[in-house]
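These notes are about the structure you will find just below.
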Amino acid sequence: MINTAYGALSPVATLNDDQQMRMYAAQIADFKISYKMPNGMNHKMFHRMHGKLMHTIIVNKDLSHFAHVHPDFDMKTGVFKLSVNGTSTDPDNQALPQSIPWFGEYYLFTETMPHNHDSGEMVMVTTRHQIYADGARGGPSADTNWPDANRGIEYEFVQNGESLKAVLDYETYDFCDRWVPKFYLNIKKQLENGEWVAAEGFEKWLEMGGHAVMIENSNRPFEQLRFQHLHAFLPIATASEFDYPFDAHIDELQSGQYKMWFQVKRFGEVLTLPFAMTYQKPIQPLKSSNKCK
Ligand SMILES: [Cu+2]
């Protein structure tokens, strides 16, 4: 199912060359997408965006599973192809073999940037697709606790025997006619004396200090679920703190439950840090701001 068209481009997506989008979990299935022009030919010029011609996010319906992977592009045919559950020589596709591992309904989001011949304007195109996987049940259970991250959410995890802690919180800023959040991810490490200090060893992944995806957790139709991809620079002002601003030029983020997955690279390994959180817009009215004028 295709929900987004870009101007005169019509996205066409298939799974195993079928628009039914059904597959077996943990078995290889080829997701393909192309962008048809009015003359019937596929669009073949895409801009590289954060190191890739296309980014693909796969989650399951209850948002307990997440994979961020990248399709191959065939310049001759203009077709992007992702071998779901397959292997890849791309070191940025570590999640590919486990991208749809269990029975269930999955959501697949693509992000790409077709070259606009007329205006030269750079516009990102997002499409979303539902995939139904048959097969064995399994995987983590859905989150039941969605605390307001405004007060901070944290949990401990281990990387290569080292005790680490991920801490998420956010602030909201009054920007013209809307509230704009800024998310903060801080990663700390524990010393032998038990003290928590800033973790080190971060490097860029996909040309950014950090990536994050947020998807709304609600009963609204799939087509309307909020999907947002945020980016951070490597820690600058505060050691081990990644600042994820929210693009102010897009729709205001509504209060509600969101699953967020933060991805940073540390000592050569991509860490994926999930948070089930609630975002709450301030209740006080917006103040007039000079930034609008
Ligand atoms: Cu990507």
Kindly state, to the nearest 0.05, the FRET efficiency for N219 paired with N193, given R0 = 45 Å and r defined as their beta-carbon distance.
-> 0.40
With all protein chains present, how much of the accessible area of the chain (probe radius 1.4 Å) comes from carbon and sulfur, to the nearest whole percent?
-> 49
Globularity ratio of the range 10-134, using Cα Rg and 2.2 N^0.38 Å = 1.04
In nm, give the distance between the simple-model label positions of E203 and D74, each being 7 Å from the Cα along the Cα-to-Cβ direction.
-> 3.4
Distance between modelled label sites at L234 and D62, nm, 7 Å Cα→Cβ extension | 3.9
Packing-wise, with mean Cβ within 10 Å as the measure, how do 24-35, 267-278, 41-52 rank, highest first?
-> 24-35, 267-278, 41-52
Just for the Cα atoms in the chain, what are the lengths along the principal axes, largest first, rounded to whole Å?
-> 60, 52, 35
For the range 10-134, dividing by residue count, accessible area per residue (probe 1.4 Å) in Å² works out to 46
Based on the Kirkwood radius over alpha-carbon pairs, what is the Stokes-Einstein translational diffusion coefficient of the range 149-292 at 37 °C with 0.692 mPa s viscosity, in µm²/s?
-> 202
Roll a 1.4 Å probe over the protein heavy atoms and report the accessible area of W146 in Å², nearest 10.
-> 30
For the range 149-292: lysine pairs with Cα atoms under 21 Å, gap of 8 or more or different chains, count?
-> 19
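The values are calculated or read from the model by the stated rules, or taken from the named source; none is laboratory data. Keep in mind it's a predicted model, so treat the numbers as computed, not measured. Here Cβ is always computed from backbone atoms with ideal geometry, including for glycine, and neighbour counts include all displayed protein chains. Accessible surface is based on the protein model in full, side chains and every heavy atom, while ligands, DNA and RNA are left aside. Shrake-Rupley method; radii C 1.70, N 1.55, O 1.52, S 1.80 Å.
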